[in-house]
Every structure is written in structure tokens, then in C-alpha cells.
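Student: Mind looking over this structure? Questions follow.
The values are calculated or read from the model by the stated rules, or taken from the named source; none is laboratory data. Predicted, not measured: the structure shown is a model, and the values here were computed from it. Neighbour counts run over all protein chains shown; Cβ positions are idealised from the backbone, glycine included. SASA here: full protein model, heavy atoms, side chains in, ligands and nucleic acids out. Shrake-Rupley method; radii C 1.70, N 1.55, O 1.52, S 1.80 Å.
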Amino acid sequence: MADTKQAEGTERARNTRSERKAARLAKQITAFARSHGGSAEGQIAYLGQRGVRIVLVGANGEWGDLVAESHDIATAAVERAGITLHEEFDGEFAARVRTGPYEWSRMAGSQLGGPSND
């Protein structure tokens with residue numbers, strides 16, 4: 001009986017931590033949307049052991065990302081923030097991304113005198 005109560009307490013604590021993490025991410029997503037044209041859309045991508053990446057694209061084309069330790073936490077955060085979630089980062093969604101000189105120099109690397117990837 002004691003083991004059952006301990007397991008329930010551990011599970012409840014884990015759920016509370018996950019809810020807090022989702023709430024924190026939702027605040028960051030909402031702040032991103034507010035500062036980039038008033039709205040944002042996103043896509044969740046698996047990163048491996050590290051967790052998942054939430055890629056955000058603001059209404060103005062600016063983009064950013066956040067990392068969550070699980071898909072469930074990322075999904076909860078996106079739902080709380082109320083943004084549109086895309087299954088894949090392709091087509092019309094990807095075309096909304098506006099890249100600047102920094103991204104172009106990183107993509108081209110040393111060919112254009114950009115920073116090295118070392």
C-alpha cells in the first residue's frame with residue numbers, strides 16, 4: 001500500500017513539473033507571437049534524447065525555436081499558447097520564413113566569409 005501511495009505521489013509531482021514547463025513554454029510562445037506581428041504558427045520536430053524542437057514563425061516572417069523535453073510538453077505548450085500547429089515544415093508554411101544576412105552567411109559558411117562551423 002505504501003508503494004502505491006509513493007508511486008502516485010511521484011506521478012503527481014512529475015505531472016505538476018510537466019504542467020509548469022508547458023506553462024513556461026506557452027508564455028515564451030505567446031511573447032514571441034506578440035513581438036512578431038501579433039501571431040505565430042509552429043511545428044514540432046523530434047530532436048532525439050534532447051527532446052523536441054518547437055519551430056515558430058511569426059506573422060512578420062521572423063522565426064525562432066524552443067526546446068521541450070517531450071512531445072507531450074511541447075504539444076501542451078502550443079495548445080495553451082493557441083497557435084496553429086503544422087504537421088511538417090514545408091510548402092506554404094516554410095515560404096513564410098524571412099531569413100536575414102546572418103542565416104545566409106551561416107548556410108553558405110566559409111564560401112561567403114561567414115562564421116565557421118567549428
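Student: Quick check: net charge around Asp90, other residues with Cβ under 14 Å of its Cβ, Lys/Arg +1 and Asp/Glu -1?
Tutor: Net charge in that neighbourhood comes out at -3.
Student: Tell me, in nm to one decimal, what length is gained between Ser70 and Arg34 on full extension, where the rule is 0.36 nm per residue of separation less the Cα-Cα distance?
Tutor: Net length gain for the segment: 10.5 nm.
Student: Once the other residues with Cβ under 11 Å from the Cβ of Gly100 are scored (Lys, Arg +1; Asp, Glu -1), what is the net sum?
Tutor: 0
Student: OK, next. Report Lys21's accessible area, 1.4 Å probe, all protein chains in place, as a number in Å² to the nearest 10.
Tutor: 70
Student: Could you order peptides 94-102, 80-88, 28-36 by the average number of other Cβ atoms within 10 Å of their residues, highest first?
Tutor: Per-residue Cβ counts within 10 Å, averaged per peptide and sorted highest first, yield 28-36, 80-88, 94-102.
Student: Oh, and also: Starting from 0.36 nm per residue, how many nanometres of slack lie between Asn15 and Glu88 once their C-alpha separation is accounted for?
Tutor: Separation in residues times 0.36 nm, less the Cα-Cα distance, equals 23.5 nm.
Student: Here's another thing I want to ask about it. Can you divide the C-alpha Rg of the stretch 1-108 by 2.2 N^0.38 Å and report the result to two decimal places?
Tutor: My calculation over the Cα atoms of the stretch 1-108 gives 1.29.
Student: Place a point 7 Å from the Cα of Thr99 along the Cα-to-Cβ direction; which residues of the stretch 60-82 have their backbone N under 17 Å from it?
Tutor: So the set is 61-65.
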